[in-house]
């Protein structure tokens, strides 16, 4: 009876250690995922805080709305992430041309000017809202 009790205790102890090892690995993996998610959120907040966009002007020339913007922050932005609303209506899908310094590109670096040409009907004094991909907003009025 002594040997069987010792053997069963050894089997239970080994099983317990394997179970604890699996639980510890799961806990460390979960903590890693949480730390990575918190770091991603902090990076996104930092990008948002470092983003500044100036709406230089917005005009309507009879056929196109022309919007000139300046990236006055320190974050490099994606031109494809820029959205435009005119009087509360999303018109981003109507962008016919997006250029920086006369060149079509997707990268909008700090201190560069972005020119958007939108094929929409608008009139003077309509409100324009420009949103960057990371959520920074800039308001203006069509002149």
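Quick rundown of the values:
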item: Criterion (outside any helix (DSSP H, G or I) and touching a strand residue (DSSP E or B) at 6+ places or on another chain (Cβ under 9 Å)) met by exactly one of 59, 63; result: 59
item: Scan of the stretch 18-49 for residues that are surrounded by 13 or more Cβ atoms within 10 Å (Cβ to Cβ) and farther than 29 Å from residue 94 by Cβ, ordered by number; result: 49
item: Test: residue in the stretch 128-138 that is in the same structural domain as residue 86 (by TED's automatic domain parsing), over 19 Å from residue 48 (Cβ atoms) and in contact with a strand residue (DSSP E or B) (Cβ under 6 Å, 6 or more places away or on another chain); result: yes
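The values are calculated or read from the model by the stated rules, or taken from the named source; none is laboratory data. Everything quoted here is computed from the prediction, not taken from an experiment. Positions of Cβ are backbone-derived with ideal geometry, glycine not excepted, and every protein chain shown enters the neighbour counts.
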